[in-house]
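Read-outs: derived from the displayed coordinates by stated rules, not from any lab. Owing to the predicted nature of the structure, the values given are computational and were not obtained by experimental measurement. Here the Cβ positions follow ideal geometry from the backbone for every residue, glycine too, while neighbour counts run over all protein chains shown.
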Amino acid sequence: MPSPSRTPLFRLGTRGSPLALTQARMVRDALCAAHGWQADDVEIVTVITTGDRVQDRALAEIGGKALWTKELDRALLAGEIDGAVHSMKDVETIRPDTLAIVAMLPRADVRDRLIGAASLADIPHGGTIGTSSPRRSAQILRVRPDVKTVLFRGNVDTRLAKLAAGDVDATLLAAAGLDRLGRDDIGSAIPTDVMLPAPAQGAVGIETRAGDTRAIERIGAIDHEETHCCVLVERALLAALHADCHSPVAALAQIAGDQVTLRAELLSEDGSEHVTGEASGPVADTALAERLARDLLDRAPAAVRALFAA
């Protein structure tokens, strides 16, 4: 927080979880490095979201991903903050025209980590897996149809405490979040050829008011272009699929030279049916995600297609 005698040059809004605050400090440090500011030139403003308050129900039942963003949106549009820090995988696909995702930090490890068992094969037969993600649930059930999944929400410490208490046999958390919290020694990373991540997993984005040229210029200075490009491609796939927080979808875009390759997987809720695909093209190819979405839906089993087709 800034000292009482110093007016901040920039106000960053964030959720109040330990991970969200860590990510906000990462953005603050990047801004300071880019502009030659001191730490107290950037004020970190904690905004409590509905998603943080309501922990006993799945997001899909109570409003979806907007539960992570709507209070930050309000603070941004009211001029209470100049920018909002988001975990991009938690940001709904369609955003208000009055707001703009201006920059992203370099992407971290995109993989999931399994905690409580050394591998998916080592989960006890008929075991229980805690997760709030339809994607993770479907992917686990596809590999291990004998296990059951139960709702598991809360911040990292809350989930780890539930696991330690024996509420479940294992859980999955994003490697990026664990690494940022200094928990890189927890769990086993699952290769992306076994479990593709959620679209935008591992990416931190910063959003401003669309017409705030000063904030856009300041935030734009810390944008990591490759991360930004890959995340936009993954989010374009979500838009083309008409996916929402009920939809078990995984996707990962990667850039090599001037080419981007997008891999994706769509699953039925119980993981019994799925379809995978990939598409490659020039980085500037804005239609790549839409082509892959059409291909996936054309080949998807009916139980999968029903979850995505508009």
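The table below lists the values:
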| item | result |
| --- | --- |
| The chain: DSSP helices with Cα axial extent of at least 18 Å and average Kyte-Doolittle hydropathy no lower than -1.0 | 18-35, 225-241 |
| C-alpha center-to-center spacing [region 142-181, region 187-201] in angstrom | 14 |
| Rh (Kirkwood; distinct C-alpha pairs) - region 235-305, Å | 12.3 |
| Residue with peak Gaussian network fluctuation, the chain [Cα springs, cutoff 10 Å], from Ala103, Ala24, Ala34 | Ala34 |
| Residue order, fewest to most beta carbons within 10 Å, for Leu160, Leu267, Leu72 | Leu160, Leu72, Leu267 |
| Proximal aspartates and glutamates relative to Lys89, as straight alpha-carbon distance under 15 Å, when same-chain residues fewer than 8 apart are discounted | Asp109, Asp112, Glu207, Glu234, Asp244 |
| Estimated distance in nm for a label pair at His246 and Thr22, the labels positioned 7 Å out from Cα along Cα-to-Cβ | 3.4 |
| Ranked list, fewest to most other Cβ atoms within 10 Å of each Cβ, for Met104, Met26 | Met26, Met104 |
| For region 109-126 versus region 290-308, the gap between their alpha-carbon centres in whole angstrom | 28 |
| Magnitude of the charge dipole, the chain, Cβ model with Lys/Arg +1 and Asp/Glu -1, debye to 20 | 460 |
| Equivalent ellipsoid semi-axes, region 112-189, via Cα gyration tensor eigenvalues times 5, rooted, Å | 19, 13, 12 |
| Residues with amide H under 5 Å from that of Arg15, placed H, sequence gap 5 or more | Val47 |
| Rough spin-label spacing in nm, given labels placed 7 Å along Cα→Cβ, for Val194 and Arg299 | 2.4 |
| Relative exposure of Arg142, Arg299, judged by other C-beta atoms within 10 Å (fewest first) | Arg299, Arg142 |
| Three-way shape call for region 147-290 based on the alpha-carbon gyration tensor, with the a/c threshold at 1.5 | oblate |
| Long-range Cα-Cα pairs in the chain (distance over 27 Å), rounded percent | 43 |
| Only Lys, Arg (+1) and Asp, Glu (-1) charged, at Cβ; region 112-189 dipole about Cα centre in debye | 320 |
